[in-house]
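Engineer: Following this message is one structure expressed as structure tokens.
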Amino acid sequence: MLSGSKARIQGKRSLIFKKCHGLARGYLLTGVFRKKKNGGNMGDRLNELLEEIRELEKKVQEEIRNKEEKFQYRISKRKVIFKEEVELFQRKFSRTLSRYLMGAEILNVLSAPVIYAMIIPMVLLDIFVFFYQHICFRAYGIPRVRRSDHVVLDRHYLQYLNFMEKFNCDYCSYANGLASYISEVGARTEQYWCPIKHASGKARPHSRYHFFLDYGDAEGYHASLEALRKRFDDIQ
């Protein structure tokens with residue numbers, strides 16, 4: 001459940017995305033460098049907005065970590081540990097597997113094989129991306145993406161979920177974590193091979209997008225490409 005502060009952060013984050021995309025459409029579609037009244041260019045302002053998004057995302061993560069105290073858990077070696085009395089309290093809300101299955105929507109049951117079949121392409125993609133970045137990123141000098149920063153399986157520690165709910169939650173965590181992991185691998189690859197912002201501004205910025213060069217900046221592209229290929233010093 002979202003707290004009031006977290007909801008406000010996400011609302012502001014959404015507003016910044018809209019402003020960012022609006023600026024991109026207004027600025028990048030012209031193909032020229034329009035100046036602001038203070039003499040700066042719109043590309044600088046766009047990068048400032050993208051940096052604000054990154055900072056807000058950090059604040060969202062801080063808010064999530066603040067929930068540890070409220071719900072009385074701690075994280076040790078990637079394992080979530082609840083107090084014993086909290087686990088006992090959570091178990092009171094757990095539904096039995098039979099009750100869960102009996103109450104399932106028929107369309108959910110019929111579509112389940114399609115959902116679970118996706119594990120095959122996901123695992124294959126996971127394996128291919130692993131070898132891709134370990135081979136190519138080493139060759140290019142790009143820092144490798146830590147898969148564990150994206151694929152996080154921790155919902156099975158919740159005692160108010162039954163076995164099927166835990167399985168489904170971890171399945172969704174894997175799918176979305178894998179997508180996030182692959183997106184970051186793609187972002188670093190794009191920074192190396194084609195660090196240019198899009199003209200329309202419709203593309204949702206990824207983690208490396210604010211480093212990219214403005215669309216139509218021919219001089220900047222050839223002058224800055226080699227430096228951008230090495231600009232990964234912000235990655236810990």
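Engineer: If I model the stretch 144-194 as equal point scatterers sitting on the Cα atoms and use the Debye formula, what is log10 I(q)/I(0) at q = 0.13, 0.16, 0.20, 0.26 Å⁻¹?
Structural biologist: Listed by q, the Debye log ratios stand at -0.39, -0.52, -0.67, -0.89.
Engineer: Could you check the spin-label model distance between R204 and R78? Points 7 Å from the Cα along Cα→Cβ, value in nm.
Structural biologist: 2.5
Engineer: Just list whichever of K79/K166; K67/K166; K83/K166; K77/K230; K92/K166; K59/K202 have alpha carbons separated by over 22 Å in the model shown.
Structural biologist: The answer is K77/K230; K59/K202.
Engineer: Right, another one. List the aspartates and glutamates whose Cα lies under 13 Å from the Cα of K197, skipping any in the same chain that are fewer than 8 positions away.
Structural biologist: Straight-line reach from K197, under 13 Å: D44, D214, D217.
Engineer: Here's something else I'd like to know. Between R54 and Q90, what length in nm is gained on full extension when 0.36 nm per residue of separation is reduced by their alpha carbon distance?
Structural biologist: Extending this stretch completely gives an extra 9.5 nm.
Engineer: How big is the stretch 108-236 in terms of Cα radius of gyration and Dmax, in angstroms?
Structural biologist: Computed over the Cα atoms of the stretch 108-236, radius of gyration and Dmax are 18.5, 59 Å.
Only the coordinates and a few stated rules stand behind these numbers; no lab work does. Quantities reported herein were computed from a predicted structural model and do not represent experimental measurements. Every residue, glycine among them, receives a Cβ derived from its backbone with ideal geometry; neighbour counts consider all protein chains shown.
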